[in-house]
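Here the structure is laid out as structure tokens; the discussion comes afterwards.
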């Protein structure tokens with residue numbers, strides 16, 4: 001099966017500054033991949049190369065087997081930039097109609113109505129962009145990224161301006177895209193959102209991939225805690241299978257046991273362990 005997105009040996013330099021240094025990345029059709037990293041790690045540069053806005057210094061990126069930036073690749077790609085700007089005089093419906101023309105979509109008013117409904121903006125179809133809140137503009141931006149039913153959607157910080165209800169709407173939308181076989185590369189600083197919705201996570205730091213896997217694989221166990229009459233005993237290196245032996249040893253030593261808990265790590269723990277120094 002052809003990857004929806006494939007970056008191989010990707011390198012990008014701006015004179016003396018190396019933004020990307022040999023990044024490898026694959027996104028399968030229908031896969032939702034989270035791209036994490038501190039500011040300046042190269043995430044936005046990678047996303048811009050994938051949609052053809054920036055040319056790599058070395059390496060290659062393909063979209064469904066086509067070179068990134070080619071007409072064939074652009075027809076398959078939807079994109080929401082982190083710092084997007086829409087004309088304030090345009091209504092939501094007019095903006096989507098403009099992007100339909102740019103994408104050569106034949107979906108017409110039915111597509112526009114469906115996309116506005118997906119992002120909860122049906123009632124705002126006739127509202128001008130300048131009269132919308134930042135959160136509404138963010139949701140409208142996600143709608144324009146879906147014009148033309150792209151097979152790959154690149155979202156750069158799509159929930160940064162949204163309240164909890166808006167973030168839930170976006171999570172449900174991403175899950176719907178995955179169910180329909182649409183691949184998504186989600187660039188976000190909200191680790192809790194990534195952990196909830198992404199199938200796989202790629203962490204980049206200083207232009208290089210430093211970790212990759214499912215959220216559960218990256219969030220390693222954090223040991224075992226056993227509550228005793230004398231206080232809580234902590235075993236940072238212990239795992240679930242060690243609990244019976246630990247309890248037996250404590251009981252044999254005369255301790256009264258009131259409970260045992262396996263401490264699970266989080267994606268945030270793993271992230272800070274890998275790039276904490278850079279993030280600081």
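Bear in mind that the values in this text are calculations on the coordinates, not laboratory data. Because the structure is predicted, anything quoted here is derived from the model rather than measured. Reconstructed Cβ throughout: ideal geometry from the backbone, glycine too, with neighbour counts over all protein chains shown.
Among DSSP beta bridges whose residues both lie in the chain, state the antiparallel percentage, nearest 5. Expressed as a percentage, antiparallel bridges in the chain total about 65. Values (i) 25; (ii) 35; (iii) 55 are given for comparison; percent of Cα pairs over 32 Å apart, derived from the coordinates here, is the one labelled (ii).
Here the label points at residue 227 and residue 252, each 7 Å from Cα along the C-beta direction, are separated by 2.6 nm in the simple model. Share of Cα-Cα pairs in the stretch 46-157 beyond 18 Å, in percent? For the stretch 46-157, the fraction of Cα-Cα distances above 18 Å is 49 percent. Taking springs between alpha-carbon atoms closer than 10 angstrom, which of 197, 263, 33 fluctuates most in the Gaussian network model of the chain? Highest fluctuation of the listed residues: 263. Computed over the chain, relative contact order equals 21 percent, with contacts defined as Cα pairs under 8 Å that lie 6+ residues apart.
Run through the DSSP bridge list for the stretch 119-231 and note the antiparallel percent, rounded to the nearest 5. Antiparallel: roughly 55 percent of the beta bridges in the stretch 119-231. Over the residues of the chain, the helix contribution to mean residue ellipticity at 222 nm works out to -10000 deg cm²/dmol, using -39500 (n - 2.57) for each DSSP H run of at least 4. Could you list the residues of the stretch 237-276 with an amide nitrogen less than 14 Å from a label point located 7 Å from the Cα of residue 210 in the Cα-to-C-beta direction? Backbone N within reach: 268-276.
Extension gain, residue 192-residue 18: 0.36 nm per intervening residue step, less the Cα-Cα distance, totals 59.7 nm.
The residue 127 and residue 58 beta-carbon pair, evaluated with R₀ = 45 Å, returns a calculated FRET efficiency of approximately 0.50. Based on the Kirkwood approach, the hydrodynamic radius assigned to the stretch 221-264 is 10.2 Å, with every pair of different Cα atoms included.
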